[in-house]
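Everything below concerns the one structure shown next.
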Amino acid sequence: MVRVPKNCRPLMAVLLFLATTGGCASHVDNLREIRGHFYGGDLAAASKAIDKYSVRSKKERDVLELERAIVQLAQGKPHDAEQTLRQVRDRFDYLEQESLGEKAFSMVTDDTHTAYAGEDYEKVLIRAMLSLSNLMVDGTDSLAYAHQVMQKQQQIIGTSAEESSDDDNLALAYKQVALGPYIQGMLREQTHNNYDDAARAAAMVVSWQPDFQAGHDDLRRVQSGHHSARGNGVLYVFTLVGRGPFKREVSQMPASASLLIADRILSHNMNQTLPPTIAPIRVPQVVRSVNEIQHVGVSVDGQSVGSTEIITHVGKMAVEQYAAIYPRVVVRAVVRRAVKKAAVYTAKESLGVERGTFASLAWDIGGVAWEATENADTRCWGLLPDSIQVMRIELPAGTHSVSLHGVASGYTTGAKETQTVQIAEGRNTYLLANFPEMRMVGQMLVAER
């Protein structure tokens, strides 16, 4: 029977704790399966994978529900998607109230052990997707959700400004999402009365998304108080285009090297040694997917009428907003590592461990193992598109055949998907389709008013 020295017994408890808290698969591994099924068009398998991982990990459940909402939209279930998004929106709002206990616990484990409250861009886009989902149901709350897009963005900008002195970089990173006012203007214009409100919304779109060329046409049209010609109605084609952003784990080598130098200097000058920084400091990083598809071509009754245009650069927005807070993510990871080193040092001091002994070495090895269990928090909304696009088409009232196809580098290469729509005089009809790649995934949704 091997006897463990008394001053090493607390270390054994620490190692037992590590065995029960570390070693789980990261969210990015789970997401890889879900994305694979979804992009391959197997929505049933994607849904089953979401169910599987929701049962396995309570901490991933909220973010997995965001994936479920995108699958539900593709399955032709906009009402279910709206309800799912509402629940996560409310949950994220609640989680903005920080739990001091969870925050402290994450300092001795890692951020994967805290409830996920969503990144800033995800909180805004939940409301954008709520507006689109409701638009495909009955549209009664779409305007309110569109207002929430702007309100949430303003709240986030205000909070971030309080936490940072770099207002210029924050203003660049937290650009306003033009989809909110676009939907507002679209709905106001359809009343044939609120053209002033529609004009203000269109002016916001032009200001916030200057490369959205259709916005300038919209502004001129609503300023003249004109929805559509007599006998005509309007079709809005919304598309979710490309594979969206996701998080991956990266090693912060400069921070790891700096901490290694610091702990070696301190070990040389203090009563006790510190665990050497062998395990790199791991942090999450938001990256954009590589996409072939750029736009979605639209044909009506066999005639090409153009392509959808980007109203919201989702991937670009995610990368820029995360970059604004990335220094804080790294600092938090460095502080966590320092807390763990300090804990080992304090334990050795309190137990009277002598420098240079086996017990001291054992504690240092245990400290290295403790640090090595850290995982970057790669939880994210992985089924977001790279961009949300739209096209407005004025058509004669009546029945029309609408075809959509992927467009890459100006060339049509994707298979055409066709849907019949009914256009009412003076009214809007809405169509929503998901094109993560050159071919459409799931169903084309149509809402006629």
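The values are calculated or read from the model by the stated rules, or taken from the named source; none is laboratory data. It should be emphasised that the depicted structure is a prediction, and the values quoted were computed from it without experimental measurement. Note that each Cβ is placed from the backbone with ideal geometry, even for glycine, and that neighbours are counted across all protein chains shown.
Restricted to region 40-61, and to residues that are at pLDDT 95 or above and buried (at least 17 other Cβ atoms within 10 Å of the Cβ), which residue is nearest to the chain's Cα centre (by Cα)?
By that ranking, first place goes to Ile50.
Could you check, for region 351-361, whether at least one of its residues is part of a helix (DSSP H, G or I), within 24 Å of Val124 (Cα to Cα) and not acidic (Asp, Glu)? Please lay out each step first, then the result.
Residues of region 351-361 part of a helix (DSSP H, G or I): 358-361.
Now drop any that are not within 24 Å of Val124 (Cα to Cα), which leaves none.
No; the residues of region 351-361 include none that is part of a helix (DSSP H, G or I), within 24 Å of Val124 (Cα to Cα) and not acidic (Asp, Glu).
Could you run through region 412-449 and say how many residues are under 18 Å from Gln75 (Cβ atoms) and of a type in the set (Ser, Thr, Tyr)?
Residues of region 412-449 under 18 Å from Gln75 (Cβ atoms): 417, 419, 430-437, 439-447.
Narrowing the set further to residues that are of a type in the set (Ser, Thr, Tyr) leaves 430.
Residues flagged as under 18 Å from Gln75 (Cβ atoms) and of a type in the set (Ser, Thr, Tyr) within region 412-449 amount to 1.
Kindly provide the set of residues from region 48-97 that are polar (S, T, N, Q) and assigned to a helix (DSSP H, G or I), ordered by number. Explain how you work it out, then say what you get.
Step one: filter region 48-97 for residues polar (S, T, N, Q), giving 54, 57, 72, 75, 83-84, 87, 97.
If the condition is that a residue be polar (S, T, N, Q) and assigned to a helix (DSSP H, G or I), then Ser54, Gln72, Gln83, Thr84, Gln87 are the ones that fit.
Which of the following residues is surrounded by 15 or more Cβ atoms within 10 Å (Cβ to Cβ), in contact with a Phe, Trp or Tyr (Cβ under 9 Å, 6 or more places away or on another chain) and not basic (Lys, Arg): Val298, Val334, Val305, Val353? Step through it out loud before you land on a result.
Working: Val298 fails: in contact with a Phe, Trp or Tyr (Cβ under 9 Å, 6 or more places away or on another chain); Val334 fails: in contact with a Phe, Trp or Tyr (Cβ under 9 Å, 6 or more places away or on another chain); Val305 fails: in contact with a Phe, Trp or Tyr (Cβ under 9 Å, 6 or more places away or on another chain).
Answer to the check: Val353.
So which residues in region 62-87 are crowded, with 20+ Cβ neighbours inside 10 Å, without any contact (Cβ under 8 Å) to a residue 40 or more places away in the chain and within 15 Å of Leu383 (Cα to Cα)?
Leu64, Arg68, Gln72, Thr84
Among (1) in contact (Cβ under 8 Å) with a residue 12 or more places away in the chain; (2) not in a helix (DSSP H, G or I), where does Ala318 come up short?
The number of the failed condition is (2).
Could you check, for region 379-395, whether at least one of its residues is assigned to a loop (DSSP other than H, G, I, E, B), acidic (Asp, Glu) and out of contact with any Leu (no Cβ under 7 Å at 6 or more places or on another chain)?
no
Filter region 282-295 for residues that are surrounded by fewer than 17 Cβ atoms within 10 Å (Cβ to Cβ) and in a strand (DSSP E or B) and give the result.
Within region 282-295, just Val287 meets the criteria.
Given the residues Tyr345, Tyr322, which is the only one that is modelled with pLDDT under 90 and buried (at least 21 other Cβ atoms within 10 Å of the Cβ)?
That would be Tyr345, the only listed residue that is modelled with pLDDT under 90 and buried (at least 21 other Cβ atoms within 10 Å of the Cβ).
Which one of these does Ile311 not meet: (1) under 33 Å from the mean Cα position of the chain (by Cα); (2) under 30 Å from Ile423 (Cβ atoms); (3) in a helix (DSSP H, G or I)?
Result: Ile311 passes all but (3).
Assuming Thr312 fulfils every condition listed in (1) at pLDDT below 95; (2) closer than 30 Å to Ile156 by Cβ apart from one, which condition is it?
(1)
Just one of Gly231, Gly244, Gly185 is at pLDDT 95 or above, surrounded by fewer than 19 Cβ atoms within 10 Å (Cβ to Cβ) and either touching a strand residue (DSSP E or B) at 6+ places or on another chain (Cβ under 9 Å) or within 26 Å of Gln422 (Cα to Cα) (or both); which is it?
Numbers: Gly244 fails: surrounded by fewer than 19 Cβ atoms within 10 Å (Cβ to Cβ); Gly185 fails: surrounded by fewer than 19 Cβ atoms within 10 Å (Cβ to Cβ).
Answer to the selection: Gly231.
Identify all residues within region 398-449 that are out of contact with any Lys or Arg (no Cβ under 6 Å at 6 or more places or on another chain), surrounded by 15 or more Cβ atoms within 10 Å (Cβ to Cβ) and among the charged types (D, E, K, R); write none if there are none.
If the condition is that a residue be out of contact with any Lys or Arg (no Cβ under 6 Å at 6 or more places or on another chain), surrounded by 15 or more Cβ atoms within 10 Å (Cβ to Cβ) and among the charged types (D, E, K, R), then Glu417, Glu437, Arg439 are the ones that fit.
Of all residues being outside any helix (DSSP H, G or I) and hydroxyl-bearing (Ser, Thr, Tyr) in region 116-142, which is nearest to Tyr322 (Cα to Cα)? Just the residue, please.
Residues of region 116-142 outside any helix (DSSP H, G or I): 116-119, 136-141.
Restricting the remaining residues to those that are hydroxyl-bearing (Ser, Thr, Tyr) gives 116, 140.
Working: Tyr116: 15, Thr140: 33 Å.
Checking each candidate, the answer is Tyr116.
Kindly provide the set of residues from region 355-372 that are among the charged types (D, E, K, R) and within 17 Å of Arg336 (Cβ to Cβ), ordered by number.
Of everything in region 355-372, just one residue is among the charged types (D, E, K, R) and within 17 Å of Arg336 (Cβ to Cβ), namely Glu371.
What pairs come up if the first residue lies in region 282-306 and is under 28 Å from Ala257 (Cβ atoms) and touching a residue at least 12 places away in the same chain (Cβ under 8 Å), the second is small (Gly, Ala, Ser) and surrounded by fewer than 17 Cβ atoms within 10 Å (Cβ to Cβ), and their beta carbons are under 6 Å apart, counting only those six or more places apart or on different chains?
As it stands, the answer is Arg282/Ser251, since those pairs meet every condition given.
Any residue in region 193-207 that's crowded, with 17+ Cβ neighbours inside 10 Å: show its pairings with residues that are aromatic (Phe, Trp, Tyr) at Cβ separation under 6 Å, as long as the two are six or more apart or on different chains.
That search, which allows pairs on different chains as well, returns Val205/Tyr182.
Which of the residues spanning region 158-182 are modelled with pLDDT of 70 or more and within 20 Å of Ile388 (Cβ to Cβ)? I'd like the intermediate steps shown before the answer.
Let us first name the residues in region 158-182 that are modelled with pLDDT of 70 or more, namely 158-159, 174-182.
Result: Tyr174, Lys175, Gln176, Val177, Ala178, Leu179, Gly180, Pro181, Tyr182.
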